[in-house]
Amino acid sequence: MIGLMGRLLAAGMSFCAALIVNQPSRAADLVRVGEGPFITGGAFFIAREKGYFKKLGLEIETKRFEDGAFAVPAIIAGELEFTLMTANASLFNSIAKGAPLIVILDRGHNRPGFGYTALSVTQALHDDGVKSLADAGKLKGKRIGVGALGSINQYNAAQALLKAGLDPAKDVQWIVNVPQPDLMRMLGQNQVDATDLAYQFGVFAQNNKWGPIIANGDQIVPGAEIATYAVRKDFLAKNRDAAVRFAMAYLQGIKEFNAAAKDPGAHADIVDILAQNTALNKPELVKAIAPHWSYIADDGLPLVDSILEMQDFWSGKYFSFVEKKVPREQLFDLNVAKEAKARLEKEKPFN
Amino acid sequence: MKAGRSAQIWESVLPALTVVAVALAWEALVRLRGIAPIYLPAPSSVLVYLWQMTVDGSLPYNLGITLLRIFVGFAVAAASGILLGVAMGMSHTIARVADVWIAALYPLPKISLIPLLIIWVGTGEAYKIVISAVSAFFPVVISTYAGIRQTDRGLIMAAKDLGANPRQIQMKVVIPAAIPSIFAGLHLGMGVAIILVVAAEMIGGSSQGGMGWLLISSGQVMATEKVFASLIVLAVVGAIVIKLQQWIDRKVAPWVHHG
């Protein structure tokens, strides 16, 4: 009898101990993230859908923004902890004017072979001989459409013009403030002569005979940063561990994202996640534009030199969108990605 | 007498004083609380940008373009709106036909026409002038028609008794009596034309400039001081235009303002 009681007691204690061990040590940290329906956010979507954030004790609340620019005021207002932040003039001005943000992670760049942006021209210009980057000189006096002033698309197009010996401020007319799907149609209606778009729109325009792609972003400026993740400084100060855990889950997402970009056929689960969470919608479209999903730095580090070059460009000879340059240390905190990588290697939470 | 005069002076300077007081309070708030310019730039900083943008020509150039678009569209709306409103007031048939269209189209948010207009007329000047004209047209036509319809029957009877023919009654009695109402429509039309033209410049994807373009392009690169400077200019110019309209209104129909 005593033996039976003892065994029951032992079993009960083991059950309780197992319960205690399996209980999270504390409530999950809530992290509000601003994201958009873009494939450059793929690593985040993978980490969220596969439960990597949850596994590291983070509860993710995603707020969707149709344009990254709309997420910036939301994080400044304190509605988000993390946000996508495209590498554009507003990044530098926001931080220079006191936005409590710091860039911590890469969120996609134009690595050679993985270019996410594409420069397209009208069919008429193409027929007139504008067929590659070498012919960009013929864009003199033409109308170039981009989504926003100081955007990565304007940067790419401007660099293409510079390579062709043109002055991007004086030699062309910029058509701005147009959503990318509309720019695509405007190209077809000859309302713009050239445009720089996300690769999927470039391909769509090309397939519809609205205007062929003459160069991808990775051919214009190889390795140029497209987007980053920024975090609120006060969140980072108070919850550095949560920020590092966010980066750990994200790094795992990057690994799977980059692998799938190289061989989407072998990663049907990733392709499905990207189709469900981006404007591409259909797995076949996601596959069709691979590997032009952009590439995300394997170590998660933002491309500091590329971003600083952009800052120089926007405050330089041709444009004055950035009046006060921000020093490197005010723009970046690289230690979050580094700590995340070290902890990931040591703790191996996803193995 | 002296007390009345000082009250009059006080009344005339009070609006300006409130502007100065708000600006000072704003400046003090920003400085004392150390508010970053990304949230709220100090008025002194906005003034510096206002001056810079005036000197480099960007402000006068963009303001000129916007005003031109507003006035051209408004002129088209005023002429067509007054003509149709008068025609509706004079003819039951025209009123019955036009009323259906006005009832259906007036409540439509005019901003929703922007994507269609871009497809129909492109992103050039025509699109902004059309949006300005369309938005101003409805208040003008509705107010004109209402003014004509509400003409005092006693005035018409008196004109008839004095031997006026129908044309003279319309030209000498009905239309002058409708002037206050027509001006009320013009006021409303001008207000919505300003709003819609600036919105069209922001949305339309044009590189042709304008205050809306200046606002959105400054906002896109987080140049908050320029955004504030543009807003202040728009507010001041809007107030000037409305006051100018009121002045013309007083000159054209002084009897309405007596007393």
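The values are calculated or read from the model by the stated rules, or taken from the named source; none is laboratory data. Every value quoted in this text rests on a predicted model; they were computed, and no experiment measured them. We place every Cβ from the backbone using ideal geometry, glycine too, and count neighbours over all the protein chains shown.
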Report summary line: When restricted to B:I35, B:I131, the only residue closer than 30 Å to A:L187 by Cα and either without any contact (Cβ under 8 Å) to a residue 12 or more places away in the chain or under 20 Å from the mean Cα position of the chain (by Cα) (or both) is B:I131
Report summary line: Taking first residues from segment A:285-299 that are closer than 10 Å to A:A260 by Cα and second residues anywhere that are basic (K, R), the pairs with Cβ under 9 Å that are 6 or more apart or on different chains are A:A290/A:K262; A:P291/A:K262
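What are the residues in segment A:79-122 that are of a type in the set (A, V, I, L, M) and not in a strand (DSSP E or B), if any? Before the answer, list the steps.
Applying the first criterion (of a type in the set (A, V, I, L, M)) to segment A:79-122 yields A:80, A:84-85, A:87, A:89, A:91, A:95-96, A:99, A:101-105, A:118-119, A:121.
Correct list: A:L80, A:A87, A:A89, A:L91, A:I95, A:A96, A:A99.
Would it be correct to say that B:W10 is at pLDDT 95 or above and not aliphatic (A, V, I, L, M)?
no
Yes or no: B:P115 closer than 30 Å to B:W247 by Cβ and part of a helix (DSSP H, G or I)? Walk me through it before giving the result.
Numbers: closer than 30 Å to B:W247 by Cβ: no; part of a helix (DSSP H, G or I): yes.
Judged against the criteria, B:P115 is not a match.
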**Report entry** Evaluation of B:M222 against (1) crowded, with 23+ Cβ neighbours inside 10 Å; (2) within 14 Å of another protein chain (Cβ to nearest Cβ); (3) in a helix (DSSP H, G or I) (one fails), failing number
**Finding:** (3)
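A quick yes/no check of all residues on (1) away from chain B (no Cβ under 14 Å); (2) crowded, with 24+ Cβ neighbours inside 10 Å; (3) in contact (Cβ under 8 Å) with a residue 12 or more places away in the chain:
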residue: A:N156; (1), (2), (3): yes, yes, yes
residue: A:D167; (1), (2), (3): yes, no, yes
residue: A:D182; (1), (2), (3): no, no, no
residue: A:N207; (1), (2), (3): yes, no, no
residue: A:E225; (1), (2), (3): yes, yes, yes
residue: A:V244; (1), (2), (3): yes, no, yes
Report task. Give segment A:130-148 a look and list any residue that's within 12 Å of chain B (Cβ to nearest Cβ) and crowded, with 24+ Cβ neighbours inside 10 Å, or say none. Result -> A:I144, A:G145, A:V146, A:G147, A:A148
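Quick one: in segment B:34-68, of everything that is in contact with an Asp or Glu (Cβ under 7 Å, 6 or more places away or on another chain) and surrounded by 15 or more Cβ atoms within 10 Å (Cβ to Cβ), which residue is nearest to B:A146 (Cα to Cα)?
So the first thing to find is which residues in segment B:34-68 are in contact with an Asp or Glu (Cβ under 7 Å, 6 or more places away or on another chain), and the list is B:37, B:41-46, B:49, B:66.
Checking which are surrounded by 15 or more Cβ atoms within 10 Å (Cβ to Cβ) leaves us with B:37, B:41-43, B:45-46, B:49, B:66.
On the way: B:P37: 49, B:P41: 46, B:A42: 47, B:P43: 44, B:S45: 48, B:V46: 44, B:Y49: 46, B:T66: 30 Å.
Within segment B:34-68, the match that is nearest to B:A146 (Cα to Cα) is B:T66.
Please indicate, with yes or no, whether at least one residue in segment B:42-62 is outside any helix (DSSP H, G or I) and either touching a residue at least 24 places away in the same chain (Cβ under 8 Å) or among the hydrophobic types (A, V, I, L, M, F, W, C) (or both). So that I can check it myself, show each step before the final result.
Restricting attention to segment B:42-62, the residues satisfying the condition of being outside any helix (DSSP H, G or I) are B:42, B:56-57.
Keeping just the survivors that are either touching a residue at least 24 places away in the same chain (Cβ under 8 Å) or among the hydrophobic types (A, V, I, L, M, F, W, C) (or both) gives B:42.
Among the residues of segment B:42-62, at least one is outside any helix (DSSP H, G or I) and either touching a residue at least 24 places away in the same chain (Cβ under 8 Å) or among the hydrophobic types (A, V, I, L, M, F, W, C) (or both), which makes the answer yes.
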**Report entry** Any hit, segment B:199-208, residues being of a type in the set (A, V, I, L, M, F, W, C), within 28 Å of A:I144 (Cα to Cα), in contact (Cβ under 8 Å) with a residue 60 or more places away in the chain and crowded, with 22+ Cβ neighbours inside 10 Å
**Finding:** yes
**Report entry** The listed residue being surrounded by fewer than 20 Cβ atoms within 10 Å (Cβ to Cβ) and touching a helix residue (DSSP H, G or I) at 6+ places or on another chain (Cβ under 9 Å), out of B:R149, B:R153
**Finding:** B:R149
**Report entry** Subset of segment A:184-205 (residues that are crowded, with 21+ Cβ neighbours inside 10 Å and charged (D, E, K, R))
**Finding:** A:D193, A:D196
Report task. Could you please give the count of residues in segment A:98-111 that are over 14 Å from A:I226 (Cβ atoms) and away from every other protein chain (no Cβ under 13 Å)? Result -> 2
Query raised in the report: In this structure, is A:N110 touching a Pro at 6+ places or on another chain (Cβ under 7 Å) and either farther than 21 Å from A:A215 by Cβ or buried (at least 24 other Cβ atoms within 10 Å of the Cβ) (or both)?
Result: yes
